[in-house]
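Here, each number is a calculation from the coordinates, and none is a lab measurement. If you're wondering where the values come from, they're calculated on a predicted model, not measured in any experiment. Cβ coordinates were reconstructed from backbone atoms using ideal geometry, including for glycine residues, and neighbour counts include every protein chain displayed.
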2 protein chains.
Amino acid sequence: MDFERADALNQAIRLLSLRHRARAAALLAPLGLHPGQEALLLELDRTGPMIQAQLSEALGCEPPSVTLMTRKLEASGHIRRKPAPSDKRASIVELTDSGKALADQVKGLWCALAEETVTGLPAETVAELPGILNTLTGNVDTRRPRHPQGHRDDG
Amino acid sequence: MDFERADALNQAIRLLSLRHRARAAALLAPLGLHPGQEALLLELDRTGPMIQAQLSEALGCEPPSVTLMTRKLEASGHIRRKPAPSDKRASIVELTDSGKALADQVKGLWCALAEETVTGLPAETVAELPGILNTLTGNVDTRRPRHPQGHRDDG
DNA sequence: ACAGATTGGTTATGCGCATAACATTATCCG
DNA sequence: CGGATAATGTTATGCGCATAACCAATCTGT
């Protein structure tokens, strides 16, 4: 691929990251949340109590990041940690009542953000978008075992 | 939009950001660069010497971020700052020879990253991708003047 | 010409994310 | 059983990014 096209793509991804995150930050600020924290709340709301290692996997970020994020959300009273009964190393993380209420508010913002994000795109493109983005993500994901699809011989 | 679809989209954008950045970090590390710095080098390579305010605009990040990034790239010898002749406040930033050499190396990596990223997508989707992503970015961009399509009361 | 607003840049601080080094507990296996 | 290995989590540190507060220089209007 020539550099111009490559740069257009990489730059577009970088800018989308920055702007989408900034917009999320603006929406979440009134709730006292920073971008990234909402993902943790939504994951707990969706899946229920879980240990940090599972959170790390679900959120796609490293254990030390989870340690710090959970610490801050615990300090602000939205989540709670308790020792896992069958594993003295692990901490089970769960939403508090305030955390559940907050997650519900986040859901509303999330819908608004998604609608705002895809404004002006044809419906069929919108329908395909998550799949396309997930393909891109899978292609550069070094955490997950890359599924061996016919393609091979990658340096 | 229902929450599931909204979450799928927002989550997909978040994950793409994380993984694409992580992959970029892995590719740039051998050059001694951190993700984000390559954008600054490429912009200087493309446009030539410019002041920090222009860099801030081009990179889509805030002036304090530019201050810190330029300071580090200057410390590592890849860029140089000199006072602007006609404005005693401004600093003109330009690539050093080592910075130019580095930018060329980054171009190669950038092509490889873009190809890797779009692996498995049909060519026509790849062709549309930058446009689609830029539309998404524009939709959530609070920095740029939002083009006035219809009037509505923003609370 | 001068006061006020605007622009360019920096410092201080905080968050999300990363890696490296480490302690603790679980598990695997000879 | 016991020692090696793996898994869970934390601390330390560093970068990119943000906002808030601030200084210095430029521009504007009267």
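Couple of notes before you dig in:
- Extending 7 Å from the Cα toward the beta-carbon at both A:Arg144 and B:Ala25 defines two label points whose distance is 1.9 nm.
- A:Glu94 versus A:Ala75: modelled label distance in nm, points set 7 Å from Cα along the beta carbon direction: 2.5
- The convex hull defined by the C-alpha atoms of chain A has an orientation-averaged projected area of 12.4 nm².
- Computed over segment B:102-145, Cα set: Rg, Dmax in Å: 13.7, 36
- Straight-line cross-link reach from B:Lys107 at under 17 Å between alpha-carbon atoms covers these aspartates and glutamates, not counting any fewer than eight positions away in the same chain: A:Asp2, A:Glu4, A:Asp7, B:Glu38, B:Glu43, B:Asp45, B:Asp97, B:Glu115, B:Glu116.
- Area projected by the alpha carbon convex hull of segment A:1-53, averaged over all directions, nm²: 5.6
- Diffusion coefficient, µm² s⁻¹, Stokes-Einstein with Kirkwood Rh over alpha-carbon pairs of the protein assembly as shown at 25 °C and 0.890 mPa s: 115
- For residues of B:103-109, the mean tally of beta carbons on other chains within 10 Å: 2
- Put a plus charge on the Cβ of each Lys and Arg, a minus charge on the Cβ of each Asp and Glu, and nothing anywhere else: the dipole of chain B about its Cα centre is then about 640 debye.
- About the centre of its Cα atoms, the protein assembly as shown shows a dipole size close to 1180 debye [charges on the beta carbon of Lys, Arg (+1) and Asp, Glu (-1) only; nearest 20 debye].
- Farthest positive-ward along the protein assembly as shown dipole, Cα basis, beta-carbon charges - from B:Gly120, B:Val140, B:Ala22: B:Ala22
- For the B-to-A rotation axis, chain B residue with nearest beta carbon and its distance in angstrom: B:Ser17, 2
- Taking every residue in B:21-28 and counting other chain Cβ atoms within 10 Å of its Cβ, the average works out to 3.
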